[in-house]
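For reference, the structure discussed in these notes is given below.
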Amino acid sequence: MAGRLLSIGECMVELMQAEGDFLRKGYAGDTFNTAYYARLFLPKDWSVDYFTAVGTDTVSDEMLAFIEKTGVGTGYIRRVEGRSPGLYMIHLKDGERSFSYWRSVSAAKTLADDADHLRATIEASDIVVFSGITLAILAPTAAETLLLELRRAKAAGKLVVFDPNIRPRLWNDKQYMLETISAGARASSLIMPSFDDEAVHFGDADIAATIARYRGLGVGNIVVKDGAKGVTLSFAERPETFVPSARVERIVDTTSAGDSFNGAFLARYAADGDPQAAATFAASIAANVIQHHGALVPKDKLTA
């Protein structure tokens, strides 16, 4: 069955270390990475679109051209005069990553400013994906505009997917962060949290506590990612299931580990509706991704 997946958030210019003192330019961001991997593995009769805002500058033109080249649609993306995409640099040490960011004039911060356009874009989609980073970059009024439309989409029966992806440095206030992440969960029908984030920021003692808390917020389907330990699935009307992680020969770059899992999971889940098979497939793809450099790994380097 054909459909459309829409991913909402911020795509940034990515700089990463290359040979010598050179830097390699790319484009990435959590929800765009998810869209990229969903596009790789969804059936051809599905379309994948990205929703954000970019500037009218050359960097924005190049970013849009890159997104389109990956097969992800850009037709809904807003252009904002006087703004530009954000930029980040990856620092790697023993396969683990840290980041430096430049995003003060990021156009993506205005993605919810045109509420009518936002509503029409969401209404045209079957699966809608967003993250805690999507919410974090928005002003409180804009975040509420987005959440209103996502609640409307959930009520209409769309699959609204949320990865809390908690990044405290993006939030000015911890309590507001926790309240907004919880509001994002309430607007969702499928949530894909990382347990280490939930334990640190919400104080969850174990995965069962994370599942119970999100169940209490009205989330019907929950995928808790726990790094190398595996994934726990709690789906309505199905028994709770554990899926182990896939074997990794050598970790090269953990950038996009969770995003690639999300995209591959949603692609398989949209195709056959089996969360356990989707998680097994996604774990294999994520294991492949972290054995390569960069957020976006070509399909011919990925095996499941």
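Just so you know, all these numbers are worked out from the coordinates, no wet-lab data involved. Note that this is a predicted model, so its numbers are computed, not measured. FYI the Cβ positions are ideal-geometry reconstructions off the backbone, even for glycines, and counts take in every protein chain you see.
Scanning residues 5 or more positions from Gly3 or on other chains, those with amide H under 5 Å from its amide H are Trp46, Ser47, with H placed 1.01 Å from N in the peptide plane.
As an exercise, use a Förster radius of 22 Å and the Cβ-Cβ distance of Glu123 and Lys44 to find the FRET efficiency, rounded to the nearest 0.05.
Details: r = 23 Å, r/R0 = 1.06.
The calculated FRET efficiency here is 0.40.
Would you work out if segment 152-237 is rounded, prolate or oblate? Take a ≥ b ≥ c from the square roots of the eigenvalues of the alpha-carbon gyration tensor; rounded if a/c is under 1.5, else prolate when a/b is larger than b/c, oblate otherwise. The shape class here is oblate. In sequence order, segment 34-51 has phi-based couplings of 4, 4, 4, 6, 4, 5, 4, 10, 6, x, 5, 7, 8, 10, 10, 10, 10, 10 Hz under the Karplus curve 6.51 cos²θ - 1.76 cosθ + 1.60, θ = phi - 60°, and Gly or Pro positions carry x.
Given Cβ point charges of +1 (Lys, Arg) and -1 (Asp, Glu) and nothing else, what value in debye, to the nearest 20, does the dipole of the chain about its Cα centre take? Before the final figure, lay out each step's value.
Values: 32 positive and 38 negative charges, 44 e Å.
Using only the charged Cβ atoms, the result is roughly 220 debye.
When only alpha carbons are used to place a centre, segment 236-304 and segment 77-118 end up 25 Å from one another.
Footprinting exposure proxy ranking of Phe265, Phe162, fewest other C-beta atoms within 10 angstrom first, gives Phe162, Phe265. Each of Val200 and Leu15 was given a label point 7 Å from its Cα along the Cα-to-Cβ line. The distance between the two points is 2.5 nm.
Here the simple spin-label model places points 7 Å from the Cα toward Cβ, and for Arg79 and Leu23 these points are separated by 2.6 nm.
Between beta-carbons, use under 15 Å as the cut-off and find the net charge around Asn262, counting Lys and Arg +1, Asp and Glu -1.
Numbers: positive: Arg39, Lys225, Arg268; negative: Asp30, Asp163, Asp197, Asp226, Asp259.
Value of the local net charge: -2.
Note on Leu217 and Asp114: their simple-model spin labels are 3.0 nm apart, each label 7 Å out from Cα toward Cβ.
In the chain, the calculated helix contribution to ellipticity at 222 nm averages -11500 deg cm²/dmol per residue, counting -39,500 (n - 2.57) for every DSSP H run with n ≥ 4.
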